[in-house]
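Trainee: Right, I'll just put the structure down here and ask away after.
The values are calculated or read from the model by the stated rules, or taken from the named source; none is laboratory data. Keep in mind the model is a prediction, meaning the values are calculated, not measured. Positions of Cβ are generated from backbone atoms using ideal geometry, with glycine treated the same way; all protein chains shown enter the neighbour counts. Surface areas here come from the heavy atoms of the whole protein model, side chains and all, with no ligands, DNA or RNA. Shrake-Rupley method; radii C 1.70, N 1.55, O 1.52, S 1.80 Å.
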Amino acid sequence: MVNIAIILGSSRPSRFSVQPGQWIYDRARAQFGDKADFTLVDLKEVDLPFFDEPVSPAMAPSVNEHSLAWQQQVAGYDGFIFIVAEYNHSYSAVLKNAIDFSWHEWGYKPASFVSYGSAAGGARAVEHLRQVAAEVRMYDLRDQLLLPHYYGNLDDKGQYKFSESDEKLADAIVDANIFWAKTMKPAREALAATQ
């Protein structure tokens, strides 16, 4: 079984990311629990400081305990689904910081995206994130679930109303992430054996 991390990319007290993150986590477990394990990763709980290593983890091993613990956690995942908030046409500092704390552990694993924001639904944030994903050697998958003007689709209790098309696209995203996680895992293991 592969292990797919669903990463909440916002740590704001009033963040919306918890709703799509919990929704896709619950849906993934119900629809694909026989194919993969899923972990909901809350960067607010991970609580990394701003990047404080003496050098990039791409250049030398990290020295801080929180860095090593995070790298070990990332290493345990075979694929990633990022829940991405759009802030000022890009993604959040907490997500960029979490990516920067690791290097080798992201490599050769699929990355998928669920995003939200105003009119663009987080599309611009994900376009920036795709560039960073490529640099740390993740394989970014094309399909993306966008939730534009999400605040206009909340019920009287503040709960988002996901549509049938949201459900279909979410299932396709999870299914593709599992496929590539399984496909890339033996190649990744073979590559590690040569280094």
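Trainee: Quick check, is residue 19 within 14 Å of the chain's Cα centre (by Cα) and within 25 Å of residue 116 (Cβ to Cβ)?
Mentor: Spelling it out, it is not the case that residue 19 is within 14 Å of the chain's Cα centre (by Cα) and within 25 Å of residue 116 (Cβ to Cβ).
Trainee: Residues that are under 22 Å from residue 44 (Cα atoms) and either under 13 Å from the mean Cα position of the chain (by Cα) or of a type in the set (A, V, I, L, M, F, W, C) (or both): list the helices (runs of 4 or more DSSP H) wholly contained in region 76-195 that include at least 3 such residues.
Mentor: Where helices (runs of 4 or more DSSP H) fall fully within region 76-195 and carry at least 3 residues being under 22 Å from residue 44 (Cα atoms) and either under 13 Å from the mean Cα position of the chain (by Cα) or of a type in the set (A, V, I, L, M, F, W, C) (or both), they are 93-100, 123-135.
Trainee: Identify all residues within region 3-48 that are within 27 Å of residue 68 (Cα to Cα), in a loop (DSSP other than H, G, I, E, B) and not basic (Lys, Arg); write none if there are none.
Mentor: Listed by number, the residues that qualify are 9, 10, 11, 13, 17, 47, 48.
Trainee: Considering every residue within region 66-75, establish whether at least one is open to solvent by 40 Å² or more (accessible area, probe 1.4 Å), within 20 Å of residue 126 (Cα to Cα), part of a helix (DSSP H, G or I) and at pLDDT 95 or above.
Mentor: No, there is no match, as no residue in region 66-75 is open to solvent by 40 Å² or more (accessible area, probe 1.4 Å), within 20 Å of residue 126 (Cα to Cα), part of a helix (DSSP H, G or I) and at pLDDT 95 or above.
Trainee: Is it true that residue 119 is touching a Pro at 6+ places or on another chain (Cβ under 8 Å), small (Gly, Ala, Ser) and either more than 28 Å from residue 67 (Cα to Cα) or open to solvent by 10 Å² or more (accessible area, probe 1.4 Å) (or both)?
Mentor: yes
Trainee: Would you pick out the residues in region 2-16 that are within 12 Å of the chain's Cα centre (by Cα) and either of a type in the set (A, V, I, L, M) or over 13 Å from residue 81 (Cβ atoms) (or both)?
Mentor: Answer for region 2-16, where residues must be within 12 Å of the chain's Cα centre (by Cα) and either of a type in the set (A, V, I, L, M) or over 13 Å from residue 81 (Cβ atoms) (or both): 4, 5, 6, 7, 8, 10.
Trainee: Still on this structure, please answer the following. Scan region 19-62 residue by residue and report those that are under 29 Å from residue 150 (Cβ atoms), loosely packed, with under 12 Cβ neighbours inside 10 Å and either free of Cβ contacts under 8 Å to residues at least 40 places away in the same chain or touching a Leu at 6+ places or on another chain (Cβ under 6 Å) (or both).
Mentor: Residues satisfying the conditions are 30, 33, 45, 47.
Trainee: Next question. I need the full set of residues from region 133-150 which are open to solvent by 30 Å² or more (accessible area, probe 1.4 Å) and either touching a residue at least 40 places away in the same chain (Cβ under 8 Å) or within 16 Å of residue 103 (Cα to Cα) (or both), in order please.
Mentor: Result: 134, 135, 137, 139, 140, 150.
Trainee: May I pose another question? What pairs come out if I take residues in region 91-110 that are farther than 9 Å from residue 9 by Cβ and pair them with residues that are of a type in the set (S, T, N, Q) and outside any loop (DSSP other than H, G, I, E, B) whose C-beta lies under 6 Å away, six or more apart or interchain?
Mentor: From region 91-110, the pairs are 101/67; 102/71; 105/71; 110/177.
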